[in-house]
1. Test Ile153 against the stated conditions and say whether it is touching a strand residue (DSSP E or B) at 6+ places or on another chain (Cβ under 6 Å), within 16 Å of ligand 1 (Cβ to nearest atom) and assigned to a helix (DSSP H, G or I).
2. Would you pick out the residues in region 203-258 that are among the β-branched types (Val, Ile, Thr) and either within 16 Å of ligand 1 (Cβ to nearest atom) or in a helix (DSSP H, G or I) (or both)?
3. Restrict the check to region 202-212 and report whether at least one residue is closer than 23 Å to His97 by Cα, at pLDDT below 95, within 20 Å of the chain's Cα centre (by Cα) and of a type outside the set (A, V, I, L, M, F, W, C).
4. If you go through region 137-163, how many residues are buried (at least 21 other Cβ atoms within 10 Å of the Cβ) and among the polar types (S, T, N, Q)?
5. Which one of these does Arg127 not meet: (1) in contact with a Pro (Cβ under 7 Å, 6 or more places away or on another chain); (2) free of Cβ contacts under 8 Å to residues at least 40 places away in the same chain?
6. Go through (1) surrounded by fewer than 22 Cβ atoms within 10 Å (Cβ to Cβ); (2) under 17 Å from Lys207 (Cβ atoms); (3) among the polar types (S, T, N, Q); (4) within 15 Å of ligand 2 (Cβ to nearest atom) one by one and return the number of the condition Ser166 breaks.
7. Would you call Tyr144 more than 12 Å from ligand 2 (Cβ to nearest atom), at pLDDT 95 or above and of a type in the set (Ser, Thr, Tyr)?
8. Do you know which residues across region 121-150 are aliphatic (A, V, I, L, M) and part of a helix (DSSP H, G or I)?
Amino acid sequence: MDRRKFLNSMSAATAATIAGAATLSEKADALEDAMSAGLAKKRRMKPPGLCNVDGGPEVIPGDTRPWLQHDEPLLPKMPEKPTLIDFFKLRFEPADHILQSAKLAMDNGEDEKVILACLLHDICAFRLINTDHGYWCAQLLEPYVEEEIRWAIEKHQALRFFEDLSVGYEYPEAYINYFGKDYKIEPYLEKEHREAKNHKWYMTSRKITINDLYSFEEGVEVDVDEFTDIIGRGFKQPKDGLGFDSSRSAHMWRSFIWPNNFL
Ligand SMILES: [Fe+2]
Ligand SMILES: [Fe+2]
């Protein structure tokens with residue numbers, strides 16, 4: 001920001017401090033301090049999340065102060081060796097959608113595999129990435145869940161768009177509202193659906209979409225602690241903590257922990 005713009009935008013208190021400085025040099029220092037404080041605040045106010053559309057902190061020519069790295073002041077600090085439940089409580093919240101989905105699967109009498117798949121099916125959409133989220137979630141989870149769960153989560157991306165009336169799954173009304181009646185499904189999703197339909201794990205993935213569809217319920221509060229045992233049996237928690245176990249997706253977990261690491 002240039003000085004003129006800064007002077008126009010500064011608060012009355014800041015202006016009074018600068019005006020009260022005795023000498024021209026002190027006034028310049030006071031102005032410089034106020035600009036620095038403003039810049040620091042601006043850096044720290046960037047919205048947490050990997051997909052910052054403005055591409056990182058503002059670069060000021062000649063500015064040598066350190067960029068914001070590691071802990072994001074707007075987010076709670078994570079433990080040194082974070083568990084999946086820590087991520088639910090400190091990064092995914094509010095995670096009503098996935099918690100309600102898992103609870104619905106539980107109430108519907110689904111087996112643990114399906115309940116865990118429902119609990120995890122959208123986790124990357126919470127402060128990481130929305131686009132192609134089924135594939136991102138599957139990659140994020142691949143080292144920690146059995147292959148059937150990984151596969152089911154990946155394929156739910158495509159199956160959501162295709163009805164299966166034999167098990168009561170209709171094309172979501174919400175999608176008509178979002179995309180319109182004439183929305184044309186991408187060919188890659190049609191191909192994925194065709195292939196998934198004939199796969200031995202088709203129904204595991206389909207059940208994610210069945211429990212997904214009706215899980216947006218106002219006022220239904222579900223605590224992740226209700227799933228502690230299921231997570232304990234089905235999720236391989238690394239002893240070094242998620243993000244620090246050198247797995248193929250450790251960097252993705254670290255991106256949740258430190259979403260604004262500049263380099
Ligand atoms: Fe999803
Ligand atoms: Fe979902």
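1. Details: touching a strand residue (DSSP E or B) at 6+ places or on another chain (Cβ under 6 Å): no; within 16 Å of ligand 1 (Cβ to nearest atom): yes; assigned to a helix (DSSP H, G or I): yes.
Considered against the rule, which asks whether it is touching a strand residue (DSSP E or B) at 6+ places or on another chain (Cβ under 6 Å), within 16 Å of ligand 1 (Cβ to nearest atom) and assigned to a helix (DSSP H, G or I), Ile153 comes out as no.
2. Going through region 203-258, the residues among the β-branched types (Val, Ile, Thr) turn out to be 204, 208-210, 220, 222, 224, 228, 230-231, 257.
If the condition is that a residue be among the β-branched types (Val, Ile, Thr) and either within 16 Å of ligand 1 (Cβ to nearest atom) or in a helix (DSSP H, G or I) (or both), then Thr204, Ile208, Thr209, Ile210, Val224, Thr228, Ile230, Ile231, Ile257 are the ones that fit.
3. For region 202-212, residues closer than 23 Å to His97 by Cα, at pLDDT below 95, within 20 Å of the chain's Cα centre (by Cα) and of a type outside the set (A, V, I, L, M, F, W, C): present.
4. Going through region 137-163 one residue at a time, the tally reaches 1.
5. Only one criterion is unmet by Arg127, namely (2).
6. Against the list (1) surrounded by fewer than 22 Cβ atoms within 10 Å (Cβ to Cβ); (2) under 17 Å from Lys207 (Cβ atoms); (3) among the polar types (S, T, N, Q); (4) within 15 Å of ligand 2 (Cβ to nearest atom), Ser166 comes up short only on (4).
7. On the way: more than 12 Å from ligand 2 (Cβ to nearest atom): yes; at pLDDT 95 or above: yes; of a type in the set (Ser, Thr, Tyr): yes.
Taking the combined requirement at face value, the residue satisfies it.
8. First, the residues of region 121-150 that are aliphatic (A, V, I, L, M): 123, 125, 128-129, 138, 140-141, 145, 149.
Selection gives Ile123, Ala125, Ala138, Leu140, Leu141, Ile149.
The values are calculated or read from the model by the stated rules, or taken from the named source; none is laboratory data. Bear in mind the structure is a predicted one, so any value in this text is a computation, not a measurement. Note: ideal-geometry Cβ built from the backbone for every residue, glycine included; neighbour counts use all protein chains shown.
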